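Report on the structure given below.
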Amino acid sequence: MARLAAMQTSSNALRGAFFMVSMELNRLPNEVTRIKNIYTFIDIKNQLASGSTPYPSPGSKFDRGMSLEVRNISFTYKGSKASRDAIKDVSLSIRAGQLVVIVGANGSGKSTLLRLLVRLYAPVSGVIELDGRPIEEYNIDDLRQAMAHLSQDHKLFPLSVAENIGVGYLERPDDLALIKDAARLAGADRVIEKFETGYETVLEPASTAQMSFSASGNEALTSEFNKLEKSADVSGGERQRLVAARTFMRLFSDDIKFVTVDEPSSALDPQGEYDLFQRLRNARHGRTMIFVTHRFGHLTKHADLIICMKDGTIAERGTHEELLKAEGEYARLYNVQAAAFTSDNKE
Ligand SMILES: Nc1ncnc2c1ncn2[C@@H]1O[C@H](COP(=O)(O)OP(=O)(O)OP(=O)(O)O)[C@@H](O)[C@H]1O
């Protein structure tokens with residue numbers, strides 16, 4: 001009986017081991033595909049050809065900001081089933097150092113216009129001139145070096161908080177004093193101070209460990225393992241502040257001449273959003289800055305130029321006062337927001 005019991009125990013253990021091996025083998029094709037995808041991704045060529053003119057071009061008179069001249073551009077997303085172009089025959093002029101705010105209803109083309117201006121996409125027709133030259137003539141890496149783009153699509157990397165912010169300014173990624181200044185400007189300093197390991201905290205660690213030990217009897221190891229793999233708990237708004245800190249870090253570089261900000265504050269409270277916009281404006285120092293926003297008021301009142309989009313075209317343009325006076329699309333959208341406050345007060 002004892003032999004039988006021993007044989008049964010061993011064969012159970014063997015069966016268990018084979019089961020584990022077959023489970024791991026099942027995962028193998030998926031893991032190989034994932035690794036292959038990474039290499040495929042690295043090999044994807046940028047579909048936008050780079051030009052050969054360096055930016056800024058030698059002897060350029062534009063010292064701090066970029067000037068933009070847009071003539072009759074249109075754009076349709078490849079494979080889009082939409083019945084109209086995302087951008088249709090848009091023309092506009094932005095002088096170096098201007099503060100521009102793009103507003104308009106959902107789907108009116110605000111983000112698409114911004115993506116064309118920063119050369120993430122190329123228009124299907126029309127011309128974009130940057131500092132007097134067609135944008136496609138410039139070296140695309142130089143252009144990226146001269147631009148800072150903040151949007152809610154931006155993510156945190158599996159790096160420490162300090163590194164996540166530091167990568168904004170590649171010449172000084174380890175400058176902790178600058179990193180702390182950037183965090184303060186983005187209102188992220190108080191978030192970081194809450195972490196046990198402060199600026200060294202890794203918010204979203206890459207999954208590198210495999211728990212191949214039994215949890216029972218290994219509680220101490222399990223607890224360490226869980227700590228290593230655990231993401232830090234931050235709210236959506238706190239995450240947006242951390243991402244914004246990277247942009248402020250970028251703005252410490254004198255190379256940045258064009259800043260675009262696309263609705264980066266959806267999860268921020270009103271005070272947080274006000275502070276973020278105010279501090280971004282203060283960091284302008286002669287740079288050209290374009291905001292896309294659904295909020296009217298504290299930004300649009302300061303804008304040199306408001307562009308109001310509708311159905312892929314520019315419905316109106318002007319300053320806050322001019323557009324209110326015109327009583328068109330901008331005034332309509334502005335009054336909808338203003339009425340929400342006044343009608344609530346009356347109720
Ligand atoms: N990646 C995409 N592929 C296909 N169509 C897209 C894509 N992105 C946007 N569109 C379409 O292009 C049009 C303009 O979209 P865009 O995102 O520029 O508008 P928006 O004014 O920024 O909207 P929102 O205020 O909702 O952010 C919309 O009809 C949208 O559905």
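The values are calculated or read from the model by the stated rules, or taken from the named source; none is laboratory data. What you see is a predicted model; the values in this text were computed from it and never measured. Reconstructed Cβ throughout: ideal geometry from the backbone, glycine too, with neighbour counts over all protein chains shown. Ligands, DNA and RNA are stripped out before the accessible areas are found, and what is left, the full protein with its side chains, is counted by its heavy atoms. Shrake-Rupley method; radii C 1.70, N 1.55, O 1.52, S 1.80 Å.
Things to note:
- Backbone HN-Hα couplings from phi across the range 161-167 [Karplus 6.51/-1.76/1.60, Hz, Gly and Pro as x]: 4, 4, 5, 4, 7, x, 5
- Taking a Cβ cut-off of under 14 Å around L299, the surrounding Lys, Arg, Asp and Glu residues balance to a net charge of +1, with basic ones at +1 and acidic ones at -1.
- Across all Cα pairs in the chain, the calculated P(r) in 20 Å bins from zero up to the longest distance comes to 24, 48, 21, 7, 1 percent per bin.
- Two-site FRET efficiency, M7 against D153, from Cβ-Cβ distance with R₀ of 51 Å, rounded to 0.05: 0.30
- Using heavy atoms of the protein chains and a probe of 1.4 Å, the accessible area assigned to E31 is about 60 Å².
- Taking all protein chains as shown and a probe of 1.4 angstrom, K155 keeps an accessible surface of around 130 Å².
- Prolate/oblate/rounded label for the range 46-109 (Cα gyration tensor, a/c 1.5): oblate
- The accessible area of H298, taken with all protein chains in place and a 1.4 Å probe, comes to roughly 60 Å².
- Heavy-atom accessible area with a 1.4 Å probe sorts T319, T288, largest first, into T319, T288.
- For the range 67-198, the pair-distance distribution built from all alpha carbon pairs, in bins 5 Å wide starting at 0, is 2, 8, 15, 17, 15, 12, 12, 10, 6, 3, 0 percent.
- The phi-based Karplus calculation (6.51 cos²θ - 1.76 cosθ + 1.60; θ = phi - 60°) puts the 3J(HN,Hα) values of the range 146-154 at 9, 10, 10, 10, 10, 9, 7, 7, 6 Hz, whole numbers, x for Gly and Pro.
- Amide H partners (placed H, <5 Å) of G104, local residues excluded: M309
- Rounded percent of accessible protein surface that carbon and sulfur make up, the chain, 1.4 Å probe: 54
- Residues of the range 12-124: accessible area per residue with a 1.4 Å probe, Å²: 65
- The GNM of the chain, with springs linking C-alpha atoms under 10 angstrom apart, assigns the highest mean-square fluctuation among P56, P29, P134 to P29.
- Accessible surface ranking that places the most exposed of S125, S67, S83 first, with a 1.4 angstrom probe: S83, S125, S67
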